[in-house]
Amino acid sequence: MPKSALIIGVTGQDGSYLTELLLSKGYIVHGLVRRSSSFNTARLNHLYEDPHEADRQLILHYGDLTDSTGLRAILEKARPDEIYNLGAQSHVKVSFELPEYTADSVAMGTLRLLDCVRDHVRHTGRGVRFYQAGSSEMFGAAPPPQNENTRFYPRSPYGVSKVAAYWYSVNYREAYNLFVSNGILFNHESPRRGETFVTRKITRAIGRIKMGLQKKLYLGNLDARRDWGFAGDYVDAMWRMLQHSSPDNFVIATGQSYSVRDFITEAFSYAGLDWREYVEIDPQYCRPTEVDFLCGDASKAKALLGWEPKTSFSQLVCMMVDKDLGLAEQERLLHDQQYVTSRAVGAPIALRPTSDVEKYNLSCLGNGAFQRSPKQEQPDFVAGHCGLAGSAAH
Ligand code: NAP
Ligand code: G4F
């Protein structure tokens, strides 16, 4: 029997890389997808299997961390050997604006899920292993280097909620003898990173500036330091935690820290641009309380899990810039063919009359894929979320 896994947050950056990893290992993967009025499965498009196909390896279910009834039903249906809880309102700045929802999805959501797992294990007698996505944001103001023994000092509603989720996980491990492991992952990025996180906001802007689609990049605090790794390396650490002989807490990090300014300098110079000509500071992107300096010590994960990062900071930056140059090139082509308009290029242009073009729109997806959307009689369409890269609210 192949192993099976349930991924909460399967549509996110990490969810998509973890799905790839588990499928490559022969797992049946169940994923929880939130209901949304627009498609939220772009990062899984290349893995999607039609529900009518026999012997599917990837099975998606609607569900939400705020809904215990649905979580229980999915557990019963999927009967997973491993559960990865990656679901979260994961944006730190947004958590100041949505503190209650952040607590509900991150802290309470983890509690709901753990409670369902405890009951499922009790009444089925099955062994289920649980991964909880903890964050270096839990360390907050604690000075670097941070490891498993560093005390938590969170600086945002998101960080506080992750600390609660961490302790719920430890408590369910100890109280009910469940196999629950906390990963404490430092920042990890990729070409699939959400476009309002700073690294991707920078690399998307570089692509668009190069293609004449954007003029300025507005950012907040450039002095904050982060320990940035590659998401593809980090999902391997999650999997290793659940293969270990006993449940535990593990820091996953590169041990190298760079400022936001360092990231900007590296990325712009790789693209042959001088960042000073394009970057402007806008205080609206600063947080009420900032996490100044994160640098992780992952020696425990190296010793017990044999895990080490494979991708350097420079490789990560180049990978992201390359991908976003390609994406912006496609966006430029769409603009020049008059399928989309872009404000930065000048006054919005009218689309060609629909008699001259095929009657469909193309929507530009964050991972570089293009998807046909249904016919529109009045295709008054501005480059979707691509246009947010320079002016994103966070
Ligand atoms: P992400 O791209 O923002 O993905 C978050 C996922 O959670 C998405 O699939 C999202 O669904 C889902 N989600 C949001 N609210 C939910 C809810 N109420 N119920 C169910 N699912 C919900 O985040 P990521 O970068 O992949 O990170 C994965 C996890 O690791 C998160 O818990 C994050 O907090 C944590 N983490 C991330 C980092 C990092 O640097 N990336 C570091 C440490 C910890 P939609 O696609 O529909 O929005
Ligand atoms: O990219 P960020 O938004 O990531 P942040 O806040 O470090 O959180 C990410 O990493 C955590 C792990 O430590 C995860 F748990 C969390 O889910 C998320 O994935 O911001 C990084 C830094 C911050 O110091 C921020 O103030 O960049 C600074 N920054 C400067 N200008 C900006 C901007 N951040 C964003 N998002 N947008 C800006 O314009």
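Values in this text are rule-based calculations from the coordinates and carry no lab data. Because the structure is predicted, anything quoted here is derived from the model rather than measured. Positions of Cβ are generated from backbone atoms using ideal geometry, with glycine treated the same way; all protein chains shown enter the neighbour counts.
Can you list the lysines whose alpha carbon sits under 16 Å from that of Lys323, skipping same-chain ones fewer than 8 residues off?
Within the straight-line cut-off, Lys323 pairs with Lys201, Lys210.
Which of Lys302, Lys77, Lys201, Lys210 comes first, and how do the rest follow, when ranked by fewest Cβ neighbours within 10 Å?
Ordered by Cβ neighbours within 10 Å, fewest first: Lys77, Lys302, Lys210, Lys201.
Starting from the Cα of Ile281, step 7 Å along the direction of its Cβ; do the same at Leu23; then give the gap between the two resulting points in nm.
Output for this residue pair reads 4.5 nm.
Can you return the lysines within cross-link range of Lys3? Criterion is Cα-Cα under 16 Å, with same-chain partners fewer than 8 residues away left out.
Of all the lysines, those that pass the test against Lys3 - Cα under 16 Å, at least 8 places apart if same chain - are Lys25, Lys77.
What is the diffusion coefficient of the chain in µm²/s, taking the Kirkwood radius over Cα pairs and the Stokes-Einstein relation at 37 °C with a viscosity of 0.692 mPa s?
149 µm²/s
Can you give the helix-only mean residue ellipticity at 222 nm for the chain, where every DSSP H stretch with n ≥ 4 adds -39500 (n - 2.57) and the sum goes over all residues, rounded to the nearest 500 deg cm²/dmol?
My calculation for the chain gives -11000 deg cm²/dmol from helical runs alone.
With everything on Cα atoms, drop me the angle between helix 13-24 and the longest principal axis of the chain, reported from 0 to 90° to the nearest 10.
It works out to around 60 degrees.
Lysines near Lys300 by alpha-carbon distance under 18 Å, same-chain residues fewer than 8 away left out - which ones?
Lys310
Using Cα atoms only, what is the angle between the long axis of helix 157-176 and the major principal axis of the chain, expressed in degrees (0 to 90) to the nearest 10?
30 degrees
If you find the alpha carbon centre of the stretch 1-50 and of the stretch 95-148, how far apart are they in angstrom?
19 Å
So how tilted is helix 68-78 from the main axis of the chain? Cα-based, degrees 0 to 90, rounded to 10.
80 degrees
Sort Trp307, Trp167 so that the residue with the fewest other Cβ atoms within 10 Å of its own Cβ comes first and the one with the most comes last.
Values: Trp307 21, Trp167 15.
The most exposed by this proxy come first: Trp167, Trp307.
Excluding Gly125 itself, calculate the net charge of residues whose Cβ lies under 13 Å from the Cβ of Gly125, where each Lys or Arg counts +1 and each Asp or Glu counts -1. Walk me through the intermediate numbers first.
Numbers: positive: Arg79, Arg118, Arg122, Arg126; negative: Asp119.
Every neighbour counted, the sum reads +3.
What is the local net charge at Tyr27, summed over the other residues whose Cβ is closer than 15 Å to its Cβ (Lys, Arg +1; Asp, Glu -1)? Intermediate results must be reported in sequence, preceding the final value.
Numbers: positive: Lys3, Lys25, Arg56, Arg79, Arg129, Arg240; negative: Glu20, Glu49, Asp55, Asp81, Glu82, Asp236.
Net charge in that neighbourhood comes out at 0.
Counting other beta carbons within 10 Å of each residue's own, what order do Asp236, Asp223 fall into, fewest first?
Lowest count first: Asp223, Asp236.
With label points built 7 Å along Cα→Cβ from the Cα atoms of Ser269 and Ser312, find their separation and express it in nm.
1.3 nm
With both bridge residues required to lie in the chain, what share of the DSSP beta bridges run antiparallel, to the nearest 5%? Write out the running numbers ahead of the final one.
On the way: 6 of 43 bridges.
For the chain, the DSSP antiparallel bridge percentage is about 15.
Please report the orientation-averaged projected area of the stretch 290-335, defined via the convex hull of its C-alpha atoms, in nm².
Convex hull of Cα atoms, orientation-averaged projection: 5.7 nm².
What is the projected area of the convex hull of the Cα atoms of the stretch 182-294, averaged over all directions, in nm²?
Computed as one quarter of the Cα hull surface, the answer is 8.0 nm².
Between beta-carbons, use under 12 Å as the cut-off and find the net charge around Val92, counting Lys and Arg +1, Asp and Glu -1. Numbers along the way, then the final one.
Numbers: positive: Lys93, Arg155, Lys162, Arg226, Arg287; negative: Glu97, Glu137, Glu290.
It works out to a net charge of +2.
Relative contact order for the chain: what is it in percent, counting Cα pairs under 8 Å that are at least 6 residues apart?
Taking the mean separation of contacting Cα pairs over the length of the chain, I get 16 percent.
Roughly how many nanometres apart are two label points built 7 Å out from the Cα toward the Cβ at Asn40 and Arg126?
Label at Asn40, label at Arg126, 2.4 nm between them.
Within the stretch 141-183, whose backbone N sits under 15 Å from a point 7 Å along Cα→Cβ of Ser299?
Counting only backbone N, you get 145-150.
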